[in-house]
Amino acid sequence: MNLVEDSAIDQPPSEYLKLLYFDSVLHSPELLDNLIRQFGADRIVLGSDYPAGMGNFTPVAALAEVAGLTDARRDAIAHRNASELFGLSGMPALR
């Protein structure tokens, strides 16, 4: 039995991954950089572990720790992607 061939999906599962969004809570700039390289900055939204007592409580500032992250990609992750995803265009940027 081949689950992909025997299923009702039209494309390989890897194609459906391109439709997903991921949050930025990875607890490591290196892991976030890898996520950006794998799926693109346009598929990542800002995340937080608040109010849990773990992780980074300044998630926008944590984006600065990702080596080589451009201002445009940082702004996309920090606010633009979620604004577009949830239809909130025109919302002010988080800094």
Next on the checklist: Take the chain, mark every one of the chymotrypsin sites (Phe, Trp or Tyr not before Pro) that falls in a DSSP loop and has at most 13 other Cβ within 10 Å, then report the longest stretch left between them, sites excluded.
Outcome noted: 22-56
Item to check | Under 10 Å, Cβ to Cβ, from Ile44 - net charge with Lys/Arg +1 and Asp/Glu -1 | outcome: 0
Item to check | Cβ-derived FRET efficiency at R0 22 Å, Phe57 paired with Lys18, nearest 0.05 | outcome: 0.10
Next on the checklist: If I fit a long axis through the Cα atoms of helix 29-39 and take the longest principal axis of the Cα atoms of the chain, what angle between them do I get, 0 to 90°, rounded to 10?
Outcome noted: 40 degrees
Item to check | Farthest positive-ward along the chain dipole, Cα basis, beta-carbon charges - from Leu17, Val60, Gln38 | outcome: Val60
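Read-outs throughout are calculated quantities, based only on the coordinates presented, and are distinct from any laboratory measurement. Predicted model only: the values in this text are computed from it and were never measured. For neighbour counting, all protein chains shown are included, and Cβ atoms are generated from backbone atoms with ideal geometry for every residue, glycine included.
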